[in-house]
Amino acid sequence: MRAQFAKFKNETKQYNDSIRLFNEISSLYISISEDSLNFKKLRTFLDTELDRKKIEIPYRLQLSVNKKVIGEIGDDTLPEETLQTYSKSAYQKPGEKLGLRFANISKAVWKKSMFGILLSTLLSLAIISSLLYLLRIIRRQKQLAEIKNDLISNITHEFKTPITTISTALEAIQHFEAIKDPEKTQKYLSISDKQLKKLHVMVEKLLETATLDSEKLLLKKESVDVIDFVQKVTEKQRTLSNEKTLSFRSNVESLLTDIDPFHFENAITNLIDNALKYGGDTVEVNVTKVLETIEITVSDNGNAIDKSQREKIFDKFYRIPKGNTHDVKGFGIGLYYTKKIIEKHNGTIQLVPNANHTIFKITLLS
């Protein structure tokens with residue numbers, strides 16, 4: 001029984017070895033019988049794959065042995081600019097090389113993608129521009145809010161002082177029997193009258209500012225000797241400020257031009273008043289005739305205006321920030337008013353850059 005089992009086991013092992021040998025021989029047989037490329041099938045595979053990828057491109061597949069072409073398929077003609085790749089298969093024979101040459105479609109791909117790229121770029125630029133514009137609007141609104149709050153604070157402070165002074169004077173007359181003393185009564189009435197005039201001037205400035213941008217403000221021009229006119233305005237300001245030196249100079253004695261005396265005087269007064277308030281100890285007013293133009297400059301030896309503030313000083317209600325102080329009064333409309341009045345006289349006003357002086361220059365046609 002054991003002998004029969006051993007015989008059966010030995011026969012089974014031989015049978016399995018025969019099957020294994022047959023498989024190996026069969027596999028070797030297939031490899032040998034298919035050792036050449038079937039270009040017709042290969043082209044079918046390539047065309048099918050290119051169609052599946054939706055790629056339309058001319059190509060040429062070439063098989064060479066020792067640099068000798070033994071077979072090729074593909075388009076007869078290829079463009080001048082081509083790309084080439086080679087097979088790295090381990091089944092190739094020594095010296096055998098399979099290469100694929102195809103048209104360089106970088107430009108074609110670029111052209112097809114150009115519309116999408118341009119559209120994406122335009123949309124990106126539009127989004128960035130919108131964000132920048134939004135930031136600009138937000139910053140502008142913030143500045144306007146700060147200017148509004150500063151204006152309200154200034155108006156409150158400016159109006160509060162004369163109102164308090166008038167109330168105090170009237171209270172003294174009414175409750176402290178000052179009315180029985182004619183001299184004191186006259187003094188309190190004089191103080192009240194002066195403060196009321198000050199209030200009137202401030203209200204007029206605010207009302208005039210509201211009409212500057214419209215056509216409601218009409219100038220009443222007349223022929224005036226601008227040299228004598230500016231000199232008198234300078235002398236008037238000199239009498240009001242004894243603490244600083246204010247001088248006037250001109251290179252001509254007389255010069256006639258058409259101006260509105262009232263508004264032009266206010267414009268020159270604003271410049272001199274600003275120089276006396278904000279500037280140094282010496283203020284100079286010059287009137288110069290240069291060819292066919294008249295140049296009026298108001299300069300002082302105070303600190304120069306910061307570069308970041310130069311473009312803003314002519315804006316309505318704008319004041320150079322100096323913290324929460326009221327040592328220098330005003331609404332921030334003086335330079336704005338002056339600029340508009342000079343422009344209505346067909347002239348220009350500018351801040352001349354200077355490291356040691358603050359110089360405002362008005363240019364008019366003579």
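The values are calculated or read from the model by the stated rules, or taken from the named source; none is laboratory data. As the structure is a computational prediction, the values presented were derived from the model and not from experiment. Don't worry about glycine lacking a Cβ; one is built from the backbone with ideal geometry, like all the others, and counts go over all protein chains shown.
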Q. Only one of (1) of a type in the set (A, V, I, L, M, F, W, C); (2) outside the structural domain of E56 (by TED's automatic domain parsing); (3) under 23 Å from K53 (Cβ atoms) fails for L78. Which number is that?
A. (2)
Q | Residues that are farther than 16 Å from K40 by Cα and among the β-branched types (V, I, T), drawn from the stretch 53-97 | A | I55, I57, V65, V69, T77, T82, T85
**Q.** Selection from the stretch 342-366 of residues that are assigned to a helix (DSSP H, G or I) and under 14 Å from V226 (Cβ atoms)
**A.** I342
**Q.** Which listed residue is small (G, A, S) and either outside the structural domain of V201 (by TED's automatic domain parsing) or in contact with a Cys (Cβ under 7 Å, 6 or more places away or on another chain) (or both), from S64, S120, S124
**A.** S64
Q) If only one of S241, S250 is in contact with a strand residue (DSSP E or B) (Cβ under 7 Å, 6 or more places away or on another chain) and surrounded by 15 or more Cβ atoms within 10 Å (Cβ to Cβ), which one is it? A) S250
Q: Please find, among R60, R52, the residue that is surrounded by 11 or more Cβ atoms within 10 Å (Cβ to Cβ) and closer than 20 Å to S106 by Cα.
A: R60
**Q.** The lone exception for R20 - which of (1) in a helix (DSSP H, G or I); (2) modelled with pLDDT of 85 or more; (3) of a type in the set (D, E, K, R) it fails
**A.** (2)
**Q.** Within the stretch 315-362, considering residues that are more than 25 Å from the chain's Cα centre (by Cα) and aromatic (F, W, Y), the one modelled with the highest pLDDT
**A.** F360
Q.
Take the conditions touching a residue at least 40 places away in the same chain (Cβ under 8 Å), more than 27 Å from D193 (Cβ to Cβ) and touching a helix residue (DSSP H, G or I) at 6+ places or on another chain (Cβ under 9 Å) and apply them to L100. Does it pass?
A. yes
Q. Do the conditions hold for E284, that is, is it within 17 Å of I227 (Cβ to Cβ), of a type outside the set (S, T, Y) and modelled with pLDDT of 90 or more?
A. yes
